[in-house]
1. For Thr386, which sequence-distant residues (separation of 5 or more, or a different chain) have an amide H within less than 5 Å of its own amide H, given hydrogens modelled in the peptide plane?
2. Could you sort Asp325, Asp161 by their accessible area in this structure, using a 1.4 Å probe and putting the largest first?
3. What ³J(HN,Hα) values, in whole Hz, does the Karplus curve 6.51 cos²θ - 1.76 cosθ + 1.60 give for segment 20-36 when θ = phi - 60°, with x put for Gly and Pro?
4. For Ala269, what charge total do you get from the other residues with a beta carbon under 13 Å from its beta carbon, if Lys and Arg give +1 and Asp and Glu give -1?
5. Write down the radius of gyration of segment 240-324 and its Dmax, each obtained from C-alpha positions, in Å.
6. Between Val236 and Ser380, what FRET efficiency comes out of the Förster formula 1/(1 + (r/R0)^6) with R0 = 35 Å and r the beta carbon distance, rounded to 0.05?
7. Give the long-range amide H neighbours of Glu273: residues separated by 5 or more places, or on another chain, with amide H under 5 Å away, using H modelled in the peptide plane at 1.01 Å from N.
8. At a 10 angstrom cut-off on C-beta neighbours, averaged per residue, how do the peptides 275-288, 103-116 rank from highest to lowest?
Amino acid sequence: MIEDFFSRSKMLQLFWNVYIYLCGIYIVCLEEEECNINDDRQPIFHQVGNKLKRIFNINSFEEDNIQETIFTQCVTFFEEFISKYIIDYATPEAFEASMVANFTVQNVFRKFLGKKLFSNFQLAIARCKKRIMIALDGFDTLSEDFRIETNFLLQKENEKDRIEGEKRAEFERLFYRSMVRAVEIMKCSKDPLVQDIHFCIVLPKDRLDQIETADRDISKVNFTDLSWDAIELLEVVVLRLEYIFSIPHRSDMDLWERLSVIMKKHLPAIPEEVGIEINGAVINIPLFEYLLRVSFWRPRDILKYYALLYNANQNMANPEANKIDMQTIKLIINNKADDIIKTEFLYEYDKVFLNISKVLLEFNGKNIILTGKELFDVLSKVSFITTFAFDCEQILNKIS
């Protein structure tokens, strides 16, 4: 019955509104629990926090799996509001108008908190000078199992299974599209809590391509590619290693000097330079630069290499007095590079680029650098089996 008045896309958009709002309330209550709010607003936030704890059945907002609890409770809020506060009192003649007028995120939480507490909460939030950052970090990882099962069904010979796979694929596209739309609408909201929320949401490029193809309005939304240059990667790695080894920040030293301090103190058996052959001559380059050459230029790739080198250093009988030879270092790194290609690159893309391993085999024996014609010849001979919305049999789409 609900589907007669609201499309699945609209219902998902309303769900995202409720979820994001609940995340915002949770963050405010967490701040209160950690005694970061000490003015006259504290009793209001404390009262709201106690209501959340009772409904979450938790004693502290620091408990494990709190994000899963928030998501599950959001579903409950969503379903209860529809059954108790819209359907039960809506007349057939005014049902659609009632849905539109009453299904707002503010009404959902006004019913949950009560009119007085909700009003006091909004007034208190309006005085906040802090901002809330919502980043759905790990969201893509959690949805990966759904996509794996979807792709498995799409490849089945049984027509019923394939149809189910197509339905799941469409649902996933709607799920992401509705999230983008909900965020864009909330960014323009006058609600005191929503005005304090900033978003940093990472979407895989292939899924962004899918939703932009299906919804041209979303293509007008400002997205930016997430990429790293060498200095940014160096800074991330240095900061992470300093944190791991409890090294105080030194503003009087540049990044290379700080990395050298880390290497000498915690990885003394690992050489800070690696020799590579260029035009018949051996040239020494910094170890960090060598790691860039065998990575996808992502922080986690580089940190995995340093973790492996740290283990090699620890396995040395006397690391302060003995250096691991360069060939062994290269062997350690190259073996890990193969593992990263399999576990990071292939695992990341074979859920959407279903025959990526077969396509890569077509490049066996080819030069590292190919001319445009050579690349065209290879790609024109192999089909791309993907879940992308655009036609991957066109050569330009294959290249892009």
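The values are calculated or read from the model by the stated rules, or taken from the named source; none is laboratory data. What you see is a predicted model, and the numbers here were worked out from it, not measured in a lab. Glycine also receives a Cβ, built like all others from the backbone with ideal geometry; neighbour counts cover every protein chain displayed. The protein model used for the area step is the full one, side chains on, heavy atoms only, and it has no ligands, DNA or RNA in it. Shrake-Rupley method; radii C 1.70, N 1.55, O 1.52, S 1.80 Å.
1. When sequence neighbours closer than 5 places are left aside, the close amide H contacts are Leu354.
2. Asp325, Asp161
3. Calculated HN-Hα couplings, in order: 5, 5, 5, 4, x, 4, 4, 5, 4, 5, 5, 4, 5, 4, 8, 6, 8 Hz.
4. 0
5. 13.7, 42
6. It comes out at approximately 0.35.
7. Correct list: Leu287.
8. Going from most to least packed, we get 103-116, 275-288.
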